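Inspection log for the structure reproduced underneath, given as structure tokens.
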Amino acid sequence: MELIGSFISAALLALFLQNAIYERALGINILLYASRRRQDVIGFTLGLCYITTLSSAAVWCLDYFFGDYKHYYLIVPVLYILTVGIIYMASLLVLWRYFHDLFKKIRKFVHLTVFNCAVLGALFLNAQLGEGILGYIGYGLGTALGFAVAGFLLYIAYERLNAELVPASFRGMPIMIIYVGIVSMALHAFAGYVT
Amino acid sequence: MSNNNKTTKKSGLFDGLSRQNIVLMSGIAIAPVAVVANNFHNSAALALGFTIIALLGVTACRFIPKKIVYTVRVIIYALIAGLAVIPAYLALRHFYGMEMVENLGVYLPLMAVNPLILTKTETRFSLRPPHLMLVELLGYIMGFNIVCVAVGTTRDVLVNRQIGAIHFDVGFEVPALSSTFGGLIIIGIAAGAFRQQYNMRKARKIRKAEKERLRRKMIEEL
């Protein structure tokens, strides 16, 4: 029961209070790219869900067994990237072997879903915040769902943000970043802000 | 030929600084600047870390054979950049102390998966001869560093009323600008202003070139 509690609280923490985009701006460049089309938001979210959940479980094993090593923090980036890389390769091999059409569809942008700040950031934050394997998995899943919330909020505003009323220089990336900043400010207001 | 080479080098350097600035124009390195560059010292440390990771990472990735399929190559790129994080950690610990490494938190190792290393190496740097690649890379790094330090300094002034260790009174303070949303809003406004300046300059250049063309045409006719 305690383990399920840590899973749910880690997922909720990552989804709302420590939303990858609004609290830490992790993967914001991918979000700007993905929010143009609804299919992209869904596709990227599914990809993130898959990779962060699996990688979180694998990373928990690494942290559990090697976490006490004195210079562990120096090799953590390489270990985490290697973990994500192995899962990425294995998944692509399975897709290529059994779901060839899907593989063809996603192969052009699948690396963007896997090697980005949201995935690696979730793994690094797991090490700081996650408790137990379910806590790690919960945080990974919550990060991906947090990305989905941010992606959907940006997607529904996309047309307005790129309308002609917006000055030409601000259309596109600048106004979208300001919009994300304002939504982030609103979320801060919910969570409570201390200067 | 040498004149043409000079022009390419110059345009390569300025590309990363302005037209393809990775924070203000393409937006591929927004997160660390928005979150960590909240004062002068942090932004300077971040710039140093980024310089080491990007320089070592891209230069080493440039030599990965193209025979290897991109699916595998992208993992190798990320691993090499992950290794480049180690000297960055050590340099930051040497120059700023362990506290700064902790201040930068996850954003320093996250530089390893920056699209500048994973994507631009593939689409841009590996297509150039090594000397030109280095010039272009320096342009990109300088572009990031200038924006990073500028954002950090602005936030230091508006939040702490200081730049580094120099205190001065600006008459007001905006503590919220040190938060993530403050960083995002500042970068958004800076990106818009930068684009406007860039577009105006570009339009002026086009007008000037058109004027010059007409003048030459008139002289030829006369």
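Averaged over peptide B:28-39, the number of partner chain Cβ atoms lying within 10 Å of each residue's Cβ comes to 4.
Averaging the sequence gap over all C-alpha pairs within less than 8 Å and six or more residues apart, then dividing by the number of residues, gives chain B a relative contact order of 33 percent.
In a reduced charge model with +1 at each Lys and Arg Cβ and -1 at each Asp and Glu Cβ, the protein assembly as shown shows a dipole moment near 2380 debye about its Cα centre. Maximal additional length on extending the B:LYS10-B:LEU90 stretch stands at 25.5 nm, based on 0.36 nm per residue less the C-alpha distance.
Spacing of the modelled spin labels on B:HIS167 and A:PHE152, each 7 Å from Cα toward Cβ, amounts to 4.9 nm.
If R0 is 51 Å, the Cβ-Cβ spacing of A:PHE65 and B:GLN196 corresponds to a FRET efficiency of close to 0.45.
Output the DSSP H helices from chain B with an along-axis C-alpha extent of no less than 20 Å and a mean Kyte-Doolittle hydropathy no less than -0.5.
Counting only whole DSSP H runs, the qualifying helices are B:40-61, B:70-96, B:130-155.
With 28 Å as the limit, write out which pairs from B:LYS66/B:LYS205; B:LYS120/B:LYS208; A:LYS104/B:LYS66; A:LYS105/B:LYS67; A:LYS70/B:LYS67; B:LYS66/B:LYS202 have Cα-Cα distances beyond it, or answer none. Among B:LYS66/B:LYS205; B:LYS120/B:LYS208; A:LYS104/B:LYS66; A:LYS105/B:LYS67; A:LYS70/B:LYS67; B:LYS66/B:LYS202, the Cα-Cα distance tops 28 Å for B:LYS66/B:LYS205; B:LYS120/B:LYS208; A:LYS70/B:LYS67; B:LYS66/B:LYS202.
For the range B:170-222 and the range B:61-140, write down the distance between their C-alpha centroids in whole Å. With the range B:170-222 and the range B:61-140 each reduced to a Cα centre, they are spaced 29 Å. If we count every other residue with Cβ under 12 angstrom of A:ILE30's Cβ, Lys/Arg +1 and Asp/Glu -1, where does the sum land? Counting the neighbours of A:ILE30, the net charge comes to 0. Between helix A:173-191 and chain A there is an angle of about 70 degrees, using the helix long axis and the longest principal axis of the Cα atoms. Can you tell me the orientation of helix A:2-12 relative to chain A, as the angle in degrees between its alpha-carbon axis and the longest Cα principal axis, to the nearest 10? Tilt relative to chain A: about 30 degrees. Could you tell me how many degrees, from 0 to 90 and to the nearest 10, lie between the Cα long axis of helix A:72-98 and the main elongation axis, the longest principal axis, of the Cα atoms of chain A? Helix A:72-98 sits at roughly 80 degrees to that axis. Each of B:HIS167, B:LEU214, A:PHE170 was scored by the projection of its Cα onto the charge dipole of the protein assembly as shown, and the greatest displacement toward the positive side belongs to B:LEU214; charges sit on the C-beta of Lys, Arg, Asp and Glu. Modelled label positions at A:LEU165 and B:VAL72, each set 7 Å beyond Cα in the direction of Cβ, lie 5.4 nm from each other. As a length-normalised measure over Cα pairs under 8 Å and 6 or more apart, the relative contact order of the range A:2-154 settles at 54 percent.
About its Cα centre, the range A:2-154 has a charge dipole of approximately 780 debye under the convention of +1 per Lys or Arg Cβ and -1 per Asp or Glu Cβ, with nothing else charged.
Using the average count of surrounding beta-carbon atoms within 10 Å as a protection proxy, the listed peptides B:132-144, A:69-81, B:201-213 rank, highest first, as B:132-144, A:69-81, B:201-213. Positive end of the dipole of the range A:1-146 (Cβ unit charges, origin at the Cα centre): among A:ILE8, A:PHE66, A:VAL114, the Cα lying farthest that way belongs to A:VAL114. Residues A:ASP101, B:ASP156, arranged from fewest to most other Cβ atoms within 10 angstrom of their Cβ, appear as A:ASP101, B:ASP156.
Only Cα pairs under 8 Å and at least 6 apart count here; give the relative contact order of the range B:151-205 as a rounded whole percent. Worked out over the range B:151-205, it gives 26 percent.
Between the residues B:LEU79, B:ILE141, B:ALA31, the greatest Cα displacement towards the positive end of the dipole of chain B, with unit charges on the Cβ of Lys, Arg, Asp and Glu, is found for B:ILE141.
Once both labels are positioned 7 Å from their Cα atoms along Cα-to-Cβ, the gap between A:ALA189 and B:GLU102 label points is 3.4 nm. Per residue of B:191-199, other chain Cβ atoms within 10 Å of the residue Cβ number 5 on average.
Every number in this text was worked out from the coordinates using simple rules, so none of it is lab data. Remember, it's a predicted structure, so these values are computed and weren't measured experimentally. Positions of Cβ are generated from backbone atoms using ideal geometry, with glycine treated the same way; all protein chains shown enter the neighbour counts.
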